[in-house]
Amino acid sequence: MKFSSNWKWAIAAIVIVFATAGLGCKKKSSDVFPATGVITGWEKTSETRVFAASDLWKYIDGDAEQYVSAGVVSTSTSDYKYQGQLEATVDVHTMKDAAGARKILETGTSDAKPIQLGDEGMQYAQSIIFRKGPALVRIVAYESTPDAPLALLALAHGVEAKL
Amino acid sequence: MNSRRDFLKNAATGAVLLGAQSKLGLAGKLDLHTEPGKSKVVIARDPALHGATAQLDEKRVLDLLDRAIAAYTGLEKPIDAWKRIVPVGKVIGLKTNGLGGKGISTHLALVLAVCERLQQAGVKPGEIVVWDRNARDLIACGLTINTDSSRVRCYGSDVSGFEDQPVSFGTANVKLSKILTRECAMVIGLPILKDHSSAGVTFAMKNMYGVVERPQDLHPGGCNPGVADLNCIPVIREKVRFTIGDALTSVYQGGPGFHPEHLWYPNALVVGEDRVAVDHTAWQMIERKRAEAGMPALEAAGRPPRYIATAADQIHRLGVNDPQHIHLLEI
């Protein structure tokens, strides 16, 4: 009876350790997304969703293959709005290593403007992509507005600081 | 905009008796003017569709739809044309594509325009189901989830679920959405034209990846022969009868996700019954744009859409990909 009771406690302890580890992992992924108001003008408008590599197709379907082949471990995504109007999505792909992040970044095109962000970054009129260590971040706005490039850059710096 | 939304909510529910129907209860061949052995594809364009702010002019979308359908059917009055397209008293599915997210999904204006014409042709609001993989994809199109059958319904396979028993053709062994198998008598595909990082191009046939439980299983080999095999599954082959392809906006590189740096406004609808011919035509549109932008052809980029030729081969016989057998009408 005593053995049985100890055994139950041991199981409970293991469950708690794993549950805490799981929560910690989720929290870490979510933490890279700046909360509303942290970056001037930006509001976080959705919960952060996290996709393991094996489930990435549920988010980006056919696009998932290139990330999986580059060694993606998980992808976190969240939506934002700037000054109540400009909508954007932030995707943070956590790769196995920096080489994986570099591989995806290299698929960019020549019309990108290089920017000082993380280890390497590029900016377009409506999007920013950069890498830092094993993280590859892509921020996309759904409209082209005059203030979009600067606003996106501010948000990108906010994410970069939390990586 | 408001009036069209109101129309969806308030449209009369009385069905109008339509013309003669086939044995399946589906409309017959829509294009009566193209010579036998040829497939007709219409590309209807309106360069003024997007205003200065890149916003779609919804009235012009409806007009463009009317022109496309009139050119395809040879019937000048939209209602007459739609009465030929849709069957009596059956549920019509509109399969959208919202996978790419908000920036590159089937346009709401097109969905609303099709719903409006369907109802004017006598389809009850509750007999229209706008559907896709899940709520997220539908919301990406600007749609609102609704399962109330007194109005146009709109929900994903995440609500309906999938059949327990898989069905097969070639490499495709899939569980189909119950919306396709149990709800719809006929499906009109409303795909959006995009470059695709592995398949090359995604449009009419590739849109069917959104009707199965695990589309990722069909991606190997640049989706070849996955796309062709999937479209040969009898329920897809029989029910997906018409395509009104959304080429109002497109991405010519970086798809199927939203890559605004490669966004492009073809301002066009691509319409046809033969999904192979529609896809071949759409592929050429993407190639022309890539050449114009100084990008390599999809073959050189290592991802030609080989599934189109496979779909036309002797095993699949889904349609024609030979330009000699495509009656392309550009208006």
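Across the stretch B:180-217, the qualifying residues are those that are closer than 23 Å to B:GLU163 by Cβ and of a type in the set (S, T, N, Q), and the one among them that is surrounded by the most Cβ atoms within 10 Å (Cβ to Cβ) is B:ASN207.
Residues of the stretch B:188-206 that are more than 8 Å from chain A (Cβ to nearest Cβ), of a type outside the set (A, V, I, L, M, F, W, C) and either assigned to a loop (DSSP other than H, G, I, E, B) or touching a Lys or Arg at 6+ places or on another chain (Cβ under 6 Å) (or both): B:GLY189, B:PRO191, B:GLY200. Among the residues of the stretch A:120-152, the ones that are of a type outside the set (A, V, I, L, M) and without any contact (Cβ under 8 Å) to a residue 12 or more places away in the chain come to 1 in all. For the stretch A:118-131, state whether one or more residues are surrounded by 21 or more Cβ atoms within 10 Å (Cβ to Cβ), farther than 18 Å from A:VAL38 by Cβ, modelled with pLDDT of 95 or more and among the basic types (Lys, Arg). Yes, the stretch A:118-131 contains a residue that is surrounded by 21 or more Cβ atoms within 10 Å (Cβ to Cβ), farther than 18 Å from A:VAL38 by Cβ, modelled with pLDDT of 95 or more and among the basic types (Lys, Arg). Of everything listed in (1) part of a strand (DSSP E or B); (2) within 12 Å of chain B (Cβ to nearest Cβ); (3) surrounded by fewer than 22 Cβ atoms within 10 Å (Cβ to Cβ), the single unmet condition for A:ILE104 is (1). Applying the set (1) more than 14 Å from chain A (Cβ to nearest Cβ); (2) part of a helix (DSSP H, G or I) to B:ASP217 leaves exactly one unmet item: (1).
Here B:GLY51 passes the criteria (1) closer than 28 Å to B:HIS196 by Cβ; (2) within 14 Å of another protein chain (Cβ to nearest Cβ); (3) surrounded by fewer than 18 Cβ atoms within 10 Å (Cβ to Cβ) except the one numbered (1). Give the residues of the stretch A:72-101 that are away from chain B (no Cβ under 11 Å) and polar (S, T, N, Q), sorted by residue number. Listed by number, the residues that qualify are A:SER74, A:THR75, A:SER76, A:SER78, A:GLN83, A:GLN85, A:THR94. When the stretch B:231-258 is examined, which residues are found to be within 14 Å of another protein chain (Cβ to nearest Cβ) and without any contact (Cβ under 8 Å) to a residue 60 or more places away in the chain? B:TYR252, B:GLN253, B:GLY254, listed by residue number. Scan the stretch A:84-92 and give yes if some residue there is more than 24 Å from B:ARG136 (Cβ to Cβ), assigned by TED's automatic domain parsing to the domain that holds A:GLU43 and surrounded by fewer than 16 Cβ atoms within 10 Å (Cβ to Cβ), otherwise no. No, the stretch A:84-92 has no match at all.
Restricting the search to helices (runs of 4 or more DSSP H) fully inside the stretch B:232-331 and requiring at least 3 residues that are within 27 Å of A:ALA125 (Cα to Cα) and over 17 Å from the mean Cα position of the chain (by Cα) gives B:275-292. Do we have A:GLU43 as assigned to a strand (DSSP E or B), within 12 Å of another protein chain (Cβ to nearest Cβ) and touching a Lys or Arg at 6+ places or on another chain (Cβ under 8 Å) here? No: the conditions fail for A:GLU43.
The values are calculated or read from the model by the stated rules, or taken from the named source; none is laboratory data. Note that the structure is a prediction, hence the values are computed from the model and not measured. Using ideal geometry, Cβ is built from the backbone for each residue, glycine included, and neighbour counts are taken over all protein chains shown.
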